[in-house]
1. How much area per residue is accessible in the chain when the probe is 1.4 Å and only protein heavy atoms are counted (Å²)?
2. Which of 12, 65, 117 moves most in a GNM of the chain, Cα contacts under 10 Å?
3. Would you work out what percent of the accessible area of the chain, with all protein chains in place, is carbon or sulfur (probe 1.4 Å)?
4. Say we join alpha carbon atoms closer than 10 Å with springs in a Gaussian network model of the chain; which of 112, 85, 14 then has the biggest fluctuation?
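The values are calculated or read from the model by the stated rules, or taken from the named source; none is laboratory data. None of these values were measured; they are calculated from a predicted model. The accessibility values were calculated without ligands, DNA or RNA, using every heavy atom of the protein model including side chains. Shrake-Rupley method; radii C 1.70, N 1.55, O 1.52, S 1.80 Å.
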Amino acid sequence: METKFESSIREINFSQEAVYNKLSDLSLSQQVRDRLPDDKKEDIIFDSDSITMNVPPVGDISIRICDREAPKTIKYETVTSPLPFNLWVQLLPTSPTSCKMKLTIKSDLNPFVKGMISKPLQAGLEKLADAIAAGKYE
């Protein structure tokens, strides 16, 4: 059964184009890796279209960009994951120097799995939205 999780809407104080340009090129996310503890840096690999990370105890999870609709939508899908899902980043301009963002995850979940992961997944989605909203897009 397809299940959808949505973050609350975040205001970002950078233009829609600037945010889109950074989020649609995952190699730019390399800056995030530089902020990780030394023992975690080897657990995450970036290129322009994908991220692979080791998440104990789950193992490797890989996501890749599967669609870009400049400057408003970036769609990601899992390549390797115990739980396949899609993630959308939606951006809407609010002014020439700011935009609104919402994240959406869709996954086929049976009722048992949905009951176990709904709260942690929603919390994780909100944390991801906070991190994206707090990013520097200059």
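1. Spelled out: the 1.4 Å probe surface of the chain, per residue, equals 60 Å².
2. Its mean-square fluctuation being the largest, the pick is 117.
3. 55 percent
4. Evaluated over the chain, the most mobile residue of the options is 112.
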